[in-house]
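Encoded as structure tokens, the structure appears first; notes follow it.
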Amino acid sequence: MLKVFPSCLVAISMLFLSCFESLADEVSSYKLGPGDTIRIQVFGEQEMNSDVKLSDAGTVIYPFMGEIKVSGLTIGQVAALVTDGLKDRYLIDPKVSISVLEYRGFFVNGEVAKPGAYPYQPGLTVQKAVSLAGGFSERASRSSVTVLRETDPTHTPIEVDLNTAIMPGDIITVDESFF
């Protein structure tokens, strides 16, 4: 029995690491959009730190740089942009960190108990989103669910299953079952 335990421990460790890696990939490739709230931190310069919400135009007001267009950028790209804007004007070698404090919401409509807008959290799936919306109604089809991605320029809903990942701005529609 002792010989099995170390191999189980290794397997569990590998599972945790893969979960953290996929979450880190999701966060590092996340593109900011209107409604997100970010924190700008400049290490060692407390007065330069700021929490800002992206406007409908996808911009933020940062007192040291004015209005900055950040919609469609990753947090790494925003950090580089702020670093470049502060470098030499205010600081010699600024160390800037950007983090997402609050993601823009997603929407659930159709055959759920409480249709509406909900705050996004990394790791959400269609099943979890439906649970946040109070679960499926009695007439809901669990096999006919579509998602309209905010990032899709064609605005075409796609058929999804319950394990499909949800992103901020997505619109989930649960159709009615005919049986």
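The values are calculated or read from the model by the stated rules, or taken from the named source; none is laboratory data. Fair warning: this is a prediction, and the values are worked out from it, not measured in the lab. In this analysis, Cβ positions are derived from the backbone assuming ideal geometry, glycine residues included, and neighbour counts consider all displayed protein chains.
List of remarks:
- Residue match in the stretch 43-56 (condition: among the aliphatic types (A, V, I, L, M), touching a Gly at 6+ places or on another chain (Cβ under 8 Å), assigned by TED's automatic domain parsing to the domain that holds I98 and surrounded by fewer than 18 Cβ atoms within 10 Å (Cβ to Cβ)): no
- Enumeration of residues in the stretch 49-68 that are in a loop (DSSP other than H, G, I, E, B) and under 22 Å from D88 (Cα atoms): N49, P63, F64, M65
The rows are residues; the columns are (1) hydrophobic (A, V, I, L, M, F, W, C); (2) under 30 Å from P63 (Cβ atoms); (3) in contact with a strand residue (DSSP E or B) (Cβ under 6 Å, 6 or more places away or on another chain).
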{"site": "D93", "(1), (2), (3)": "no, yes, no"}
{"site": "L101", "(1), (2), (3)": "yes, yes, yes"}
{"site": "A117", "(1), (2), (3)": "yes, no, yes"}
{"site": "R149", "(1), (2), (3)": "no, no, no"}
{"site": "D161", "(1), (2), (3)": "no, no, no"}
{"site": "F178", "(1), (2), (3)": "yes, no, no"}
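- When G33, G66, G76 are checked against the criterion of being within 17 Å of the chain's Cα centre (by Cα) and either surrounded by fewer than 17 Cβ atoms within 10 Å (Cβ to Cβ) or of a type in the set (F, W, Y) (or both), G76 stands alone in meeting it.
- Residue in the stretch 141-152 that is on the phi > 0 side of the Ramachandran plot and at pLDDT 95 or above present: no
Residue-wise test of (1) closer than 20 Å to D36 by Cα; (2) not in a strand (DSSP E or B).
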position: Q77; (1), (2): yes, yes
position: V82; (1), (2): yes, yes
position: R89; (1), (2): no, yes
position: I98; (1), (2): yes, no
position: P122; (1), (2): yes, yes
position: S141; (1), (2): no, no
position: S144; (1), (2): no, no
position: E159; (1), (2): no, no
position: F178; (1), (2): no, yes
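- Some residue of the stretch 35-50 being at pLDDT below 95 and within 26 Å of T151 (Cβ to Cβ): yes
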